[in-house]
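Chemist: This structure is in structure tokens; I'll ask about it shortly.
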Amino acid sequence: SKQTFHMIVPSLPCRGSPPRETIWLRHIERSHPHVPHEEDSRPTQKPEFMTHLRNLHLEEGERASFEARLIPIGDPTMKIEWFVNGRLLEASSRAMTIDRFGYVALTLLHVNSEDSGTYQCQAKNIVGEAITTATLHVSPRAVIESTVQHPESWEAIQQLEDWERYKRHESVDESICAAKPVFTKPLNNLDNLQEGGFAHFEAQITPVNDFTMTTEWYFNGQPLTASTRMSTVFSFGYVALHIKYLRAEDSGVYMCKAINQKGEAFSSATLKVKTMGEVVYDLGYPEQQRYQEKIQELEAWQQQQRQQVVVEEAVPQTAPVFRTPLRDVVDIQEGKIARFEARVEPTGDSNMRVEWLKDGKPLEASYRTTIFFNFGYVSLTIRGVDTRDSGTYTCVAINSVGTAKSSATLTCQTKQDVVLESQYPEGLEKIQHLEDSSRFQRETYEETTVTQRPKFTEPLVGKDLLVEGQSAHFETRLEPIGDPSMTVEWYFNGRPLTTGHRFKTYFDFGYVALDILYVFPEDSGDFTVTARNALGEATQSKTIRVQ
């Protein structure tokens, strides 16, 4: 119960003391801690779309934006899903979705003809679901223009690319050859060249200053194949062929052919490559013979030891038997470690193998499972158990004589949902007592009377024409300034403007402003600001266009 204390402070006997003062003390009861109930968090209404998606007709490369509003707004269990042509919308860098306080939107960047279709937004909670649908039609761009847009520029380009203007024109004197080619110094034969060495053919031809003359090289009657080992030279009547790292297959007849407008000339030579002999094992040293004999003795002794040592593998005589079977693991807490253990005989069977099955199927490999088998001891360890691990586990032991099985069941007990009740009520009550800001705040009561309806003293200032990606700023002034009951709201094309990442609004001491971080073409339209109080309202609008 509330209690009121009356306290009187007497005046002091000294001169100039203040008059008697009365202080009123009021006792405020401590608020009881509020414990939320599970029923409070459950939604009581199924989803319902207040505004629906709209059909869009766009050109290829433009931005598509679907948006809608739905209720209830504060439902944490609501799930929003988008579908295109009946299939769930795939994640993409071009697709962006928004779900904030009852506002849902889907934005597609740079649409193409494949994006055309029926788009569906589905809202679902534990009470029911709601669906809204719209159609997107994307018109493909026109075919590439094949006609010239600037004929003068095209003619200038053709003139620059006219190869005939830069082609070398032969004079009459240059085009007349004095005589047909003649080898004044023919090629020489090369005999007994060592394999891996070098071969060099050279010759002299006249006329020396005949620029129309060409030379060709042949090997055994066939054109010489280009190679990194071969290089040719032809300069002022001097011709040469150089071959590096000779091989046995380089032996043969090499011919040089000189051609001009008057005729042609030939010169041939033979190349013989002396191949190296086979690998020589005997170097003529007595020590080498002794080394070879010792090596042969050592290899013979090793061969004899291999024949004497015969490894006899143990052949199992009995089929596997589980001496200690698997045991059931029942009601293990989620997140704990589950372990199955057993013992199987015979223990010394090296050919025995162990397999694990879950619900009759081979156990999938996982970083959470560890299998161990050694000297008849088998185990399966599962870390971080969850409900998916529940089932029947079977261990199968197999050797050449037979098979043995042992099964056990694993059941996992799931954790509870989020616990809303306090596990330590006394501690929660102390925290709420410390967080009670009313204990530290000074209560101030101020009565204000509204005597004037809202009035904009300045027009809404801002740019009318904007470029995509540019920021926008609109501001104005409002009276009366000291009206705490006044509210300011912004609208876009008649609908309430949703503030967020791109849209920021300001209202302080009569200053009203709207900032847009960056604009898109779909932001083109009318922005309206409305001020209201108990006596009336005032409105101002601004139309912008985004290129």
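The values are calculated or read from the model by the stated rules, or taken from the named source; none is laboratory data. Bear in mind the structure is a predicted one, so any value in this text is a computation, not a measurement. Note: areas computed on protein heavy atoms with side chains; ligands, DNA, RNA excluded. Shrake-Rupley method; radii C 1.70, N 1.55, O 1.52, S 1.80 Å.
Chemist: In whole percent, how big is the carbon plus sulfur part of the accessible area of the stretch 445-547, probe 1.4 Å, protein atoms only?
Modeler: Working: 3170 of 6170 Å².
Solvent-exposed carbon and sulfur of the stretch 445-547 make up 51 percent of the total.
Chemist: Say the cut-off is 24 Å between C-alpha atoms; which of 244/274; 124/504; 180/244 go over it?
Modeler: Values: 244/274 14 Å; 124/504 31 Å; 180/244 32 Å.
Going by Cα-Cα distance, 124/504; 180/244 fall outside the 24 Å limit.
Chemist: Can you list the lysines whose alpha carbon sits under 28 Å from that of residue 336, skipping same-chain ones fewer than 8 residues off?
Modeler: Straight-distance partners of residue 336: 358, 361, 405, 415.
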